[in-house]
Amino acid sequence: MEPSAPSTPDAVVIGAGPNGLVAANLLADAGWSVLLLEAQPDIGGAVRSTREVHPAYVHDTFSSFYPLGAASPIIRGLGLEDHGLVWEQAPAPFGTPYVGGGWALVHRDREATAEALERQHPGDGRAWLRLCRQWDRVGPSLVGALLSPFPPVRHGLGLLARLPGAGGLGLVRELLSPVRTVLDSELRGTAPRLLLAGNALHADIPLDSPGSGLMGLLLTMLAQDVGFPVPRGGAGQLTGAMGRRLEQRGGQLRTDARVEQVLVERGRAVGVRLAGGEVVRAGRAVLADVSAPALYGDLVAPDQLPDRVLRAMRRFEWDPATVKVDWALDGPIPWASAPEAAPGTVHVLDSIDDLHRFETELRAGHVSDRPYLVMGQMATADPTRAPAGGESVWAYTHVPQDARSGPPGFTGRWDEADKDLVAGLFERRIAELAPGFADRVVARRVLGPPDLQARDANLVGGALGGGTAALQQQLIFRPVPGWGRAETPVGRLFLASASAHPGGGVHGAPGANAARAALLHARLPG
Ligand SMILES: Cc1cc2nc3c(=O)[nH]c(=O)nc-3n(C[C@H](O)[C@H](O)[C@H](O)COP(=O)(O)OP(=O)(O)OC[C@H]3O[C@@H](n4cnc5c(N)ncnc54)[C@H](O)[C@@H]3O)c2cc1C
């Protein structure tokens with residue numbers, strides 16, 4: 001992967017996360033010469049995998065399941081299957097085990113989901129299928145609208161046209177409602193509540209806040225449309241395929257190349273300076289797959305930026321921090337009660353009130369001693385991740401960016417002792433549902449917030465969404481009020497990361513929006 005970069009590529013892309021890779025690919029497709037500069041020794045950003053936990057096991061270092069990627073026309077349009085990507089699916093996309101036995105499960109087949117819900121609470125099966133039919137009418141336009149530049153003209157109009165037949169404004173009200181309101185509607189049993197709310201929290205939107213219903217429904221319905229797929233061989237195979245595609249089109253990838261400065265002349269980006277001093281000029285554009293606060297005021301000097309942007313960056317709201325634990329097991333997770341179909345993703349929560357309790361602690365700056373967990377059992381989805389019969393498992397939870405308190409002994413330093421303490425809380429909670437879990441562990445890795453950031457500078461303080469997804473920082477407010485697009489106050493410089501609309505997740509939209517904006521501006525006179 002060593003470079004023989006063209007002296008002045010048309011575009012320099014900073015950061016080889018999925019968004020940087022998408023942007024670079026689309027520019028190469030348009031015939032531009034592209035140089036992609038990545039600070040880490042490997043490309044992939046938060047889509048990477050490794051054998052560092054145990055040499056016989058593959059573990060994803062950060063993200064794992066890609067329903068948004070599978071649904072995204074941008075990622076699908078890259079044809080990554082021609083570059084070695086193979087998607088795998090667990091028998092069921094996701095589920096939640098009940099403490100007293102049994103599971104709430106979403107199946108790939110909506111009829112199967114409905115049957116299971118009906119068995120647990122008569123009436124819920126029919127209500128579920130009604131919700132699915134409403135989704136069918138608006139879902140594709142909604143996904144299209146989310147993944148287009150804001151405002152989404154074409155898909156927005158498509159969405160409006162479908163509303164009357166889809167249950168109309170009632171459905172829109174539900175989508176924009178807090179997930180609690182959605183759940184107070186027709187679905188009465190425990191299972192749909194756990195399923196929708198477990199997904200709502202992926203997007204750091206409080207359960208009581210507008211928009212949490214949309215995220216819960218979006219991921220749940222996508223699970224039945226496209227599943228929760230994983231790349232065979234590890235998350236890194238997804239970004240690896242993007243890298244191979246780029247190189248095949250003449251793009252250059254350079255790792256261990258951290259950009260320290262965007263060079264600006266007469267209000268326009270003309271290149272970058274690397275750590276170590278090397279200057280690389282860009283003929284037509286610089287695209288930055290870095291966080292908004294890293295771009296504005298750090299890579300771009302403050303005196304090149306309007307005060308308004310600098311003020312907005314001082315108020316920029318990060319999403320909560322993350323702690324992730326990976327385990328190599330010499331057998332499957334010993335669930336106390338086996339699910340009827342094994343889910344790849346498991347949400348560990350007792351009830352909606354339990355989730356609410358966790359959220360309240362998080363917002364109060366307290367590290368919960370009973371964390372809500374998102375878990376993955378990866379060999380269940382992709383047997384290549386572990387030796388035969390073994391399992392490659394991870395779980396993460398959110399912790400406050402500035403933890404003010406926590407369980408006895410917690411210091412907030414995120415040293416080995418803090419990480420051990422929090423990993424122990426994970427294991428205690430999992431053991432309630434899977435007694436004997438600890439006996440199957442052959443290796444473990446704990447990544448605290450500083451470890452995540454050291455492996456990917458965009459994960460500031462362990463934030464995984466590039467900034468909060470709450471409404472005050474979405475759409476036209478992302479990342480700066482009034483912006484909402486890839487263009488920046490500096491000419492020929494474009495923000496291509498999850499800090500731009502529509503935010504976190506592996507769907508490629510910020511990268512694609514930035515590439516389109518760069519191509520458009522290059523055609524404009526002057
Ligand atoms: C623990 C975790 C779990 C997640 N789970 C999921 C999931 O299951 N499904 C899902 O869809 N999403 C998930 N996400 C979110 C998803 O991974 C991110 O939203 C996505 O990777 C963002 O892509 P990006 O390209 O904007 O940034 P990143 O993936 O963060 O990539 C940014 C890249 O830029 C590089 N970089 C930064 N600064 C510089 C610089 N100055 N010079 C050169 N290079 C630089 C970084 O090293 C990095 O490689 C998860 C994230 C985390 C952290």
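Summary of computed values
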read-out	value
Spin-label model distance (nm) - Glu247 vs His121, 7 Å beyond Cα toward Cβ	5.2
For region 76-155, size of Cβ-based charge dipole, Lys and Arg +1, Asp and Glu -1, in debye	380
Inter-label distance, nm, simple model (7 Å from Cα along the C-beta direction), Arg133/Ala56	5.2
Whole-percent carbon and sulfur share, accessible surface of region 233-310, 1.4 Å	39
Tail fraction, Cα-Cα pairs, the chain, threshold 36 Å, whole percent	30
Cα centroid of region 385-400 to Cα centroid of region 34-54, whole Å	19
Fraction of accessible area attributable to carbon and sulfur, region 1-113 (%, probe 1.4 Å)	50
Sites Arg428 and Ser405, calculated FRET efficiency, Cβ-Cβ separation with R0 22 Å, nearest 0.05	0.70
Rounded to 10°, Cα long-axis angle of helix 110-120 versus longest principal axis of the chain	40
Extension gain from Leu524 to Arg311, taking 0.36 nm per residue of separation minus the Cα-Cα distance	73.7 nm
Computed P(r) (all Cα pairs; region 316-364; 10 Å bins; percent)	15, 37, 33, 13, 2
Degrees, to the nearest 10: 509-523 long Cα axis against longest axis of the chain	20
Built amide H within the under 5 Å cut-off of Gly271, gap 5+	Leu263, Ala282
Cα-projected label distance for Gln261 with Asp298, points at 7 Å along beta-carbon direction, nm	1.7
Cα-based helix-to-principal-axis angle, 18-29 vs the chain, degrees rounded to 10	50
Region 322-459, Cα convex hull volume normalised per residue, Å³	122
Heavy-atom SASA rank of Trp394, Trp335 (probe 1.4 Å, accessible area, largest first)	Trp335, Trp394
The chain - percent relative contact order, Cα under 8 Å, separation 6 or more	23
Counting DSSP beta bridges with both ends in the chain, the antiparallel % (nearest 5)	65
Estimated FRET transfer efficiency when R0 is 30 angstrom, pair Arg76-Ala112 (beta carbons, to 0.05)	0.75
Within region 434-452: backbone nitrogen closer than 18 Å to the Asp415 label point (7 Å, Cα to C-beta)	446-451
Quotient of Cα Rg and 2.2 N^0.38 Å for region 57-111, N being how many residues it contains	1.48
Long-range HN-HN contacts of Val399 with modeled amide H, under 5 Å	Ala321, Thr322, Val323
Probe 1.4 Å, accessible area per residue of the chain, Å²	38
Length released on extending from Asp353 to Glu340, taking residue separation times 0.36 nm less the Cα-Cα span	2.1 nm
Highest to lowest packing among 189-200, 214-225, 428-439, scored as the average C-beta count within 10 Å	189-200, 214-225, 428-439
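The values are calculated or read from the model by the stated rules, or taken from the named source; none is laboratory data. Everything numeric here is computed off the predicted structure, so don't read it as measured data. Cβ: placed from backbone, ideal geometry, glycine included. Neighbour counts: every protein chain shown. Areas reflect the complete protein model, heavy atoms only, side chains present, ligands, DNA and RNA absent. Shrake-Rupley method; radii C 1.70, N 1.55, O 1.52, S 1.80 Å.
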